[in-house]
Amino acid sequence: MSAFAIVGIAILAVAISVIGSRFVETQMLLIEDNKKNHDNIVSGKIEERTPNTNVDGSAMPLKQIWKYISLIVFLLGGAWFLFRGDDWTLIKLMYFIVATSTTIGYGDILPISNGQRLFGIVYILVSVSVMGEFLGCISGYVLEIRQNKFHKSMEKHKFNVSDIKLMDADRSGDVSELE
């Protein structure tokens, strides 16, 4: 049993690292896009919004929303399939999904038959990946909204010498992009 736990932890670590690196790459692309948009606005070259961009400048494409809806349906359907003969309520299914996909796993709900265990292996790997991707998407969306609000507030702010001195964190007399 401990060999399965060690292999499972290794697989989970790889899945989380892949999701994490994808999240970081996505955030870096969003930051670069926001910087380009900000530079274009400042220089007077305002680009048109893409069809997938909301009025406030944040992007949550409809294709991505449908992807997450289908994944949530998979999670619900998979949990129902896993325990279909056990007369589960929707609340118990949701409890199982959240406990499993967030890797909390209290241990109070267990697959009993070998078929349930085999399906459970696949279900756990997919549900943890789906939850990581879903939470990463939501946090990226929130981050993008905050960045857009920040850029809009910066455009309205009239900078003076004291503001620039405050930005000079290393007190070198020059303000770099990192400051």
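Where a number appears in this text, it was derived from the coordinates with a stated rule and is not lab data. All of these numbers come straight from a predicted model, not from anything done at the bench. As a convention, Cβ positions derive from the backbone with ideal geometry for all residues, glycine included, and neighbour counts pool all protein chains shown.
Show me, for segment 129-146, the HN-Hα J-couplings you get by feeding each phi into the Karplus relation (A = 6.51, B = -1.76, C = 1.60, θ = phi - 60°), rounded to Hz, glycine and proline as x.
5, 4, 5, x, 5, 5, 5, x, 5, 5, 5, x, 5, 5, 4, 5, 4, 5
Relative contact order for segment 58-170 using alpha-carbon pairs under 8 Å, separation at least 6, rounded to a whole percent?
Contact order relative to length: 32 percent.
If you wrap segment 53-179's Cα atoms in a convex hull and average its projection over all directions, what's the area in nm²? Can you show the working numbers first?
On the way: hull surface 49.1 nm².
That works out to 12.3 nm².
Do the alpha carbons of any pairs in 67/149; 67/158; 63/158 sit beyond 32 Å of each other, and which pairs? Don't skip to the answer; put the middle values down first.
Numbers: 67/149 27 Å; 67/158 42 Å; 63/158 39 Å.
Violating the 32 Å Cα-Cα cut-off are 67/158; 63/158.
In nm, to one decimal, how far is the residue 67 label point from the residue 25 one, both placed 7 Å along Cα→Cβ?
1.2
If the reach is capped at under 25 angstrom between alpha carbons, list the lysines near residue 152, excluding any in the same chain fewer than eight residues apart.
Within reach: 35, 36, 45, 165.
What's the local net charge at residue 150, with K and R +1, D and E -1, over the other residues with C-beta under 12 Å away? All intermediate terms of the calculation are to be shown ahead of the outcome.
Working: positive: 35, 146, 149, 152, 156; negative: 144, 155.
My count for the surroundings of residue 150 gives +3.
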